[in-house]
Structure formats: structure tokens, C-alpha cells
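A short worksheet on the structure shown next.
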Amino acid sequence: MLKIKEGSVVHWAVRVACVLAIAIFIVYIPTHSETARIGQFASAFTLIIAAMSLNLVLGYTGQISIGHSAFFGIGGYTAAILIRDHGWSPGYTFYAAAIIAFIVGCLIAMPVLRIRGAYLALVTLAVAVLFPTLLRWKKLEWLTSGAKGIDSVKYDKLPVWPFLGELKGRDGRAVFAYWLGLLVLVIAFLICRGLIKSRVGRSLIAIRDNETAAAVMGVNVTRTKVLIFGISASLCALAGVLSTLSTGVVTPDGQYVTLLGSIIFLLIMVVGGAGTLSGPIIGGLVYVWLDNTTRGIGTDSRGVVGFIFGWTNQSPATLILGLALIVIMLFAPTGLVGLFRKLSRRIVTIEPQGQ
Amino acid sequence: MLLDVRDVSVRFGGIVALDGLTFSINQGDICGLIGPNGAGKTTMFNVVSRIYDPFKGNISFDGQNLLDVPAHRIAELGIARTFQNLALFPTMTLVENVMVGAHCQGSVGFLRAMTRIGARKENHLIAEKSRDLLRELGLDKLAHHPASGLPFGTLKRLEIARALAASPRFLLLDEPAAGLTHSEVDELADTIVSLREKFNLTILLVEHHMAMVMRISDQVVAMEFGRKIAEGTPKQVQNDENVIRAYLGGDV
């Protein structure tokens with residue numbers, strides 16, 4: 001077995017190699033793949049941000065939320081309304097959506113986070129179910145356009161970014177959505193990482209592990225829970241804005257605006273690895289890959305695959321992920337990242353500093 | 001007088017857990033709190049750390065009314081505690097557990113954490129301090145081991161390290177010797193006395209291990225059914241009729 005000291009030359013070399021590999025991968029995708037593939041990655045980034053936001057609340061703080069699709073929707077609708085009715089430039093809607101979702105998130109969290117466990121799950125479930133109904137409400141039609149939803153809220157003309165050059169047409173839009181998604185993803189990741197690797201992050205995990213002990217150590221449990229819920233809501237809203245900007249449409253039936261969205265975020269987070277920083281990233285990529293490769297496997301399949309999945313009339317990705325979830329929960333309760341860590345520990349161990 | 005408990009009563013439904021308890025602890029003393037199971041010792045701890053609200057009575061700490069202070073500000077005042085049945089953070093490593101103990105010493109909040117302003121520096125300082133405390137309690141070899149699946153006695157020591165991380169003036173120890181062997185108990189008694197000298201502590205100690213309580217306490221309070229039945233030096237309490245009756249039962 002190999003032993004590497006934290007902060008040693010070898011450790012740094014491994015780190016640099018990993019970062020380089022990821023960087024090459026990131027640049028390779030939009031320059032060397034077909035448009036559809038680029039679009040898939042852009043939508044993966046959106047889902048990853050949503051799963052990351054849920055990870056703060058559920059993975060780290062241990063407070064279950066099935067209501068995150070509502071925050072996704074708040075982001076999506078904020079962007080659409082501001083662009084359509086108020087002529088905002090799309091870029092600024094990110095800030096507005098983040099602030100609105102933060103306020104709504106805190107307001108929901110204040111009464112809701114006093115309850116625990118299954119009851120909390122039920123109340124947040126109600127939020128997820130209520131939100132699309134609210135969007136269809138007659139009295140709000142002036143704002144949300146009811147069941148029709150809001151469409152054609154895309155960028156009129158794509159902004160010109162350095163290094164990217166001028167982007168045009170369908171290909172250009174996909175490439176732009178990719179880089180915009182990546183930018184927001186990196187910012188969201190850095191925010192999450194900053195929170196977790198600090199006094200705040202330790203207090204979140206302390207609340208998850210033992211709330212009473214956390215309070216005795218001086219953690220203001222209620223305040224911490226409310227604020228992290230607000231931050232999580234606003235990150236999820238960023239994902240909603242991204243989704244609106246890349247598809248140009250929001251409707252109350254949108255996949256991620258309804259309860260199904262919450263379940264997908266949850267699935268991605270748990271399959272990737274709850275309570276790990278890279279978990280949602282892995283989970284999101286796996287989900288989108290499965291969703292696209294299994295899309296063809298449906299009613300038209302034959303043989304064993306057709307026998308197993310032939311009765312579904314849409315993509316069985318959610319079904320397959322659901323089965324994967326059961327398997328993963330049995331063999332790797334900390335998700336794919338946890339499984340990877342467990343396996344890699346047999347080959348390489350990194351010795352922490354200060355021993 | 002550092003801690004002054006006056007006429008404190010706690011009720012759970014119809015059950016009276018504490019019934020007009022009054023006692024006080026002087027600065028720098030080790031005060032032993034003894035009594036049979038169910039006497040209300042742990043309830044007393046939970047009242048002082050503001051987990052339970054008394055329905056009657058007053059507690060003052062260093063001249064301040066403790067009942068005006070919410071639970072999460074207790075650590076800031078300089079009160080730290082350990083738990084009878086362990087209340088550690090099992091998914092964290094030992095050093096991380098102690099770092100949470102230093103929560104009230106830190107200042108990085110949400111905004112500074114997200115922007116990383118001073119967060120690295122604070123992490124470094126607190127980690128350094130936590131490793132020192134682990135060394136103090138002989139746990140430095142296990143610093144990066146998760147705080148689960150270790151022997152009970154080890155985890156009890158970890159709780160003391162975590163409590164000390166808050167730089168407290170007043171330390172509440174809830175049965176620190178439970179589950180230890182005889183030689184370990186002696187060792188622990190020495191550790192407690194030396195920690196008091198080193199960190200200038202006042203200690204309230206709940207313990208069933210009489211030899212240890214009598215050896216290191218300056219003052220002993222004996223309880224039964226939520227009431228104080230005796231108070232004084234270890235010798236006085238040991239010979240008190242009420243205490244002997246409470247422990248052995250029947251008339252003496």
C-alpha cells in the first residue's frame with residue numbers, strides 16, 4: 001500500500017495532475033463534441049448546482065427538504081418575468097433570483113425547521129406540491145401567465161466573452177449555455193466549499209450529528225439552520241435561472257419545477273454521495289449520462305432489455321437510477337464518492353499533517 | 001462564588017426532578033455532586049447548560065443571571081460540559097470534534113466563510129489548539145480517527161478535550177469515570193486535578209465512583225429525590241446520617 005504525506009511533493013503532483021485532467025476535459029467538450037453533447041453537459045451543470053444546494057441542507061446539516069423544486073422554479077420564473085416584463089438583461093436576473101430565493105427560503109425555514117425527520121419531509125413536500133398550483137392560480141396570471149408558462153426569454157443576442165469569440169446560431173447557444181453553466185457551477189462549488197471548510201461547516205455537521213451537543217458548544221442552531229436553508233434556496237434558484245436561459249421556457253409542468261424535480265435532485269445527491277463536496281458533481285454527470293443513454297431503451301427495445309423496461313413509455317433513467325440507489329444504499333451508504341474513497345484507500349492513503 | 005444555585009425546581013409533567021435545590025461553588029473548587037440514580041444530578045447539569053428550563057428558582061454565574069442566557073451563549077460565558085452517555089459528533093474525526101468545541105472562540109460567520117476571508121487562518125489556529133488539547137489528554141495518536149468505534153473511556157476523554165476547547169472557566173463533568181478500570185480511574189483523577197491547575201478551572205463533578213469523588217473534591221453536595229440532603233467537606237458528607245441512609249437504605 002502506498003502512503004502519501006499531505007502537502008508533500010507527491011501529493012501536490014497528484015493534485016495538479018487531477019486539476020489538469022479536469023481542465024483539459026472541460027475545454028475538450030465544447031470544442032470537440034457535437035451540439036447535443038454540449039447541451040447535455042450544460043443541463044448536467046444545472047442539475048449539479050441544484051443537487052449541491054440540496055446537499056448543504058440535507059447532506060451536511062441533516063435537514064431533509066423535498067421542496068427544492070420550488071426554489072428552482074422561483075429562480076426560473078424570476079428570470080423569465082424580469083426579462084419579459086421588465087426588459088432586464090439576462091445576466092442580472094441571477095442576482096435578483098438569488099436574493100428573492102434567499103428571502104423566501106429563510107421565511108419558509110423559520111417555522112418549518114423547528115420540526116424534524118419525517119414531519120419536515122412532509123411539510124417540504126407540501127411546498128413542492130403547492131408551488132406549481134400557485135403558478136397556475138388565476139389571480140397570479142398577470143405575473144406567471146398561468147398554465148401556459150412564459151416562453152422565448154432567451155438571450156436576443158449572445159454576449160461576447162473573451163476567449164470564446166462571437167457565438168452564433170444553435171451551436172453557439174449550446175456552447176454559451178455550457179460556459180455560463182460552468183461559471184455558475186464553479187461559483188456555487190466555491191461557495192459550498194468555503195462554507196464546509198470553515199467554522200460554519202463544522203457547525204452544520206455538528207447539528208447533523210448531535211443537535212443538543214452542537215448547542216452546548218455554542219452553535220446557534222436555529223439561526224444556522226435558517227441561514228443555510230436560505231443560502232441553499234438561493235443556489236438552487238441560480239440553477240433555475242440557468243435552466244430558463246438555456247431552454248427559453250418555464251411552465252408550471254416543467255420537469256424540475258414540479259415534485260419530480262426535488263426527487264431528481266435528491267437522487268443525484270444521494271447516488272453521488274451525500275455530505276461530500278464532489279458527490280453532486282459525480283451524481284449529476286451519472287444521471288445525465290444514464291438519462292441520455294437509456295432514452296432509446298423503451299417500448300421499441302427487444303430481448304432482455306425490452307423485457308425488463310419495455311413496459312415504460314418514457315426514458316427509464318429515473319427507474320434505473322432508483323434501482324441503482326437501492327444497490328448503492330446497500331453497498332455504499334455514502335454514494336459513489338464514498339465507494340471510490342473506500343476502494344482507493346486500499347491502494348493509497350493520504351496521511352494528514354501534524355501527526 | 002462562581003456558581004450560585006438558588007431554590008431551583010424542575011418538573012416533567014407530574015414528576016419533580018429537582019425540588020428547591022440550593023448550593024454554591026467557589027472559584028477554583030472541585031465540587032462533587034453525588035446521590036443515587038435518579039437523584040437529579042444530570043437534570044442539574046442540563047439546567048445549568050440551559051437545556052432544561054426550571055419552573056422556579058435562580059441560577060447566577062459570576063454575578064450574571066444564567067436563566068436570561070440562551071443555550072448557545074453558555075459556552076461563550078465560559079461554561080463547558082461533558083455528557084453522561086456521550087454526545088460526540090460520530091462522523092467527524094477526533095480533532096474535528098475538538099474544533100467544534102472551540103466554536104465560541106472563532107469568529108468566521110457565513111459571509112466570511114463563503115468569501116474565505118480569514119477562514120484559513122482561523123482553521124489553522126483552531127486546529128493547532130485542538131491538537132494541543134488532544135495531546136494533553138493523550139489522544140494525539142488518534143487525532144484523525146473518526147470519533148466512533150473507539151473504547152468508551154477514550155471517547156470520555158475526548159469529551160473532556162472538546163469541553164476544554166471552549167477555554168472555559170467552569171467545567172461540568174458528568175460521570176467521567178464510568179466504564180473505566182481501577183487504574184484508569186486513578187489516572188483520570190490525577191488528570192482532572194492537573195487540568196484544574198493548568199487551565200484555572202472550577203469543576204462540578206458528578207460521579208458514582210466514591211473513592212475518586214472523596215479524593216479530589218474540595219466540597220461535596222449529596223442529593224436524593226431532587227433535594228439536597230447534605231453538603232460539606234468530603235469527610236463531613238461521608239459521615240452524614242442522611243447520606244448513609246440514602247445509599248444503604250433503612251434506619252441507621
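A short reminder: the numbers here are calculations on the coordinates, not readings from a lab. Since the structure is predicted, the reported quantities are computational estimates derived from the model, not experimental observations. Virtual Cβ from ideal backbone geometry, glycine too; neighbours counted across all protein chains shown.
Structural remarks
- Rounded to the nearest Hz, the phi-derived 3J(HN,Hα) couplings of the stretch B:75-86 under the Karplus curve 6.51 cos²θ - 1.76 cosθ + 1.60 (θ = phi - 60°) are 4, 4, 5, x, 10, 10, 8, 10, 10, 4, 9, 6, where x marks glycine and proline.
- Over every Cα atom in chain B, the radius of gyration and the widest Cα-Cα span, Dmax, amount to 18.8, 69 Å.
- Annotation: amide H-H contacts under 5 Å for B:Ala17 (H modelled 1.01 Å from N, sequence separation of 5 or more, or interchain): B:Val10, B:Arg11, B:Phe12.
- Summary of packing: across the peptides A:138-150, A:196-208, the per-residue average of other C-beta atoms within 10 Å ranks them, highest first, as A:196-208, A:138-150.
- Isotropically averaged projected area of the protein assembly as shown, using the convex hull of Cα atoms (one quarter of hull area), nm²: 34.3
- Candidates B:Phe45, B:Cys31, B:Ile74 compared by Cα position along the dipole of the stretch B:27-133: farthest toward the positive end lies B:Ile74, with charges placed on Cβ.
- For chain B, size of Cβ-based charge dipole, Lys and Arg +1, Asp and Glu -1, in debye: 880
- Of A:Phe331, A:Tyr256, B:Pro176, farthest towards positive along the dipole that unit charges on Lys, Arg, Asp, Glu beta carbons give the protein assembly as shown: A:Tyr256
- In terms of surrounding Cβ atoms within a 10 Å radius of their Cβ, A:Lys225, A:Lys342, B:Lys129 rank from fewest to most as A:Lys342, B:Lys129, A:Lys225.
- Put the Cα centre of the stretch B:100-124 next to the Cα centre of the stretch B:156-221 and the gap is 30 Å.
- For the protein assembly as shown, DSSP calls about 50 percent of its internal beta bridges antiparallel.
- Shown is the FRET efficiency for A:Trp137 and A:Ile103, computed with R0 = 25 Å from the Cβ-Cβ distance and rounded to the nearest 0.05: 0.80.
- For the stretch A:86-141, average projected area of the Cα convex hull in nm²: 5.2
- Listed by chain and number, the lysines whose C-alpha is less than 23 Å from the C-alpha of A:Lys157, apart from same-chain residues fewer than 8 away, are A:Lys168.
- Ellipticity estimate at 222 nm from DSSP helix runs (n ≥ 4, -39,500 (n - 2.57)) divided over chain A, nearest 500: -22500 deg cm²/dmol
- Neighbour-count ranking [beta-carbon atoms within 10 angstrom, fewest first] of A:Ser246, A:Ser234, A:Ser8: A:Ser8, A:Ser246, A:Ser234
- Take each residue of peptide B:120-127, count the partner chain Cβ atoms within 10 Å of its Cβ, and average: the result is 2.
- Amide H contacts under 5 Å for A:Gly62: none, restricted to partners 5 or more places along the chain or on a different chain, H placed in the peptide plane at 1.01 Å from N.
- 3J(HN,Hα) from dihedral phi, the stretch B:31-39, Karplus parametrisation 6.51/-1.76/1.60, rounded to Hz, x for glycine, proline: 10, x, 10, 10, x, x, 4, x, 6
- Whichever lysines have a C-alpha closer than 24 Å to that of A:Lys139, once near sequence neighbours (fewer than 8 apart) are set aside: A:Lys148
- Between B:Asp240, B:Asp186, B:Asp68, the Gaussian network model of chain B with springs among Cα atoms under 10 angstrom shows the greatest mean-square fluctuation at B:Asp68.
- Along chain B, longest interval not containing exposed chymotrypsin sites (Phe, Trp or Tyr not before Pro), exposed being DSSP loop plus at most 15 other Cβ atoms within 10 Å: B:56-224
- The stretch A:207-232 versus the stretch A:101-128: alpha-carbon centroid distance in Å: 15
- Counting all C-alpha pairs of the stretch A:40-272, share separated by more than 27 Å (%): 33
- Among B:Leu111, B:Gly101, B:Pro146 - extreme Cα towards positive end, dipole of the stretch B:90-162, charges at beta-carbon: B:Leu111
- For the protein assembly as shown, size of Cβ-based charge dipole, Lys and Arg +1, Asp and Glu -1, in debye: 1860
- Amide H contacts for B:Ile30 (H built 1.01 Å from N in the peptide plane; partners 5 or more residues away or on another chain; cut-off under 5 Å): B:Ile203, B:Asp218, B:Gln219.
- The DSSP beta bridges internal to chain B are antiparallel in roughly 55% of cases.
- Scalar couplings 3J(HN,Hα) for the stretch A:189-206, obtained by applying the Karplus form with A = 6.51, B = -1.76, C = 1.60 to θ = phi - 60°, are 4, 5, 4, 4, 4, x, 4, 5, 8, 8, 4, 5, x, 5, 6, 4, 5, 4 Hz; x denotes Gly and Pro.
- Binned Cα-Cα distances of the stretch A:172-280, short to long, each 10 Å bin given as a whole percent: 12, 36, 34, 14, 4, 0
- Cβ-to-Cβ counts within 10 Å put A:Ile48, A:Ile264, A:Ile328, A:Ile350 in ascending order as A:Ile350, A:Ile328, A:Ile264, A:Ile48, the fewest first.
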